[in-house]
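Okay, structure first, notes after.
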Amino acid sequence: MEKISNLKSADVPEEFCIFKTQLSLIEKGWLKGTYTIETFRTSNGHIFSMIRNRNVNNQIDRYSFFIDNEATFNEMDDFLAEVIKSDDLVNLAWYFKIVVQSKHIDYFLQKIEEKLAKSHKQDPKRFDHHMFIAPASKPKEMSVPQGYILGPLLKSHVDTVTEQWAADTGFTTVSDDMVHIVQENIAERPSFGVFTESDPRTPIAWCSMYGGSSLAMLHVKDGHRGKGLARILIRSMLKIAQEVHGIECRLHTCVHKDNLASQKLFLSEGWEIQPVNYKKIYFFF
């Protein structure tokens, strides 16, 4: 297995759209944190690549993998030995994500779990979700209802978004790491809020994007639901992502399996639910 020049987003087939979009985020300056990319080719010509992302505390908070679908198990073992070092395993963030697209996902994740077992564990109940991939088509234009304003999220909105995100995901307290994640989402990538004309400084609905190219923290406050605000936010995020990265770079999102209303919303917008055994995001704690 030899190390080669890193892949460009244009080199990645669309079936690996999550990794493709993450590379595009890096190339277009939408991921400004500390990251490294390593790419390898086996003697059989199979390609492997990994994006290693570090948070503000220089801890690794995400591994994203590209795995050739024709690769053998032995080649996957060799690749993991190359890219997951012992130094990494003692410097993982508490909120650590693994992003994988592969038909070999079960074997690959089993091997990763073996490496992480001593420091992290899955919390399958909290993150028992479906993954949705955005459509490869332009979203229809949609006007904001009377009395509302669509605008960008700002630094002053971090506390509001973080507190609601913690509540939505079942955390009882807000950690500094959660605040940093929301700050990065707002500072590094486009994010949108909906405001009332009577209070244009306080968002009553919002949506942002994680560094892993996932639609993030979609929320509409009670009293403002049923007016199409979530639909407007989804379309606004998709539109700006397509304008910068191209339609072939598709966003994704994770929706908890109990959240039937959100699942229905994304399906009605043309987002495709992914087979459980093919594309997943795993969270470890």
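The values are calculated or read from the model by the stated rules, or taken from the named source; none is laboratory data. In this text the structure is predicted, and so the values were computed from the model without any measurement. Please note: Cβ atoms are built from the backbone with ideal geometry, for glycine as well, and neighbour counts cover all protein chains shown. Side chains included, ligands, DNA and RNA excluded: accessible areas come from the protein's heavy atoms. Shrake-Rupley method; radii C 1.70, N 1.55, O 1.52, S 1.80 Å.
General observations
- Anisotropy class of the chain from Cα gyration tensor, a/c 1.5 cut: prolate
- Å² of accessible area per residue within the chain, as computed with a 1.4 Å probe and no ligands counted: 47 Å²
- Annotation: peptides 222-230, 91-99, 185-193, 19-27, ranked by per-residue average of other Cβ atoms within 10 Å with the highest first, follow the order 19-27, 185-193, 91-99, 222-230.
- Of all accessible heavy-atom area on the chain, the percent that carbon and sulfur account for (1.4 Å): 49 percent
- Beyond 19 Å in Cα-Cα separation lie the following of the pairs Lys8/Lys103; Lys20/Lys239; Lys28/Lys239: Lys8/Lys103.
- Tilt relative to the chain, helix 105-116 - C-alpha long axis, 0 to 90 degrees, to 10: 80 degrees
- For the chain, the 222 nm mean residue ellipticity estimated from helices alone, with every DSSP H stretch of n ≥ 4 adding -39500 (n - 2.57) and the total spread over all residues, rounds to -9500 deg cm²/dmol.
- On Cα atoms only, tilt of 158-168 relative to the major axis of the chain in degrees: 70 degrees
- Only Cα pairs under 8 Å and 6+ residues apart enter the sum, and on that basis the relative contact order of the stretch 6-73 stands at 24 percent.
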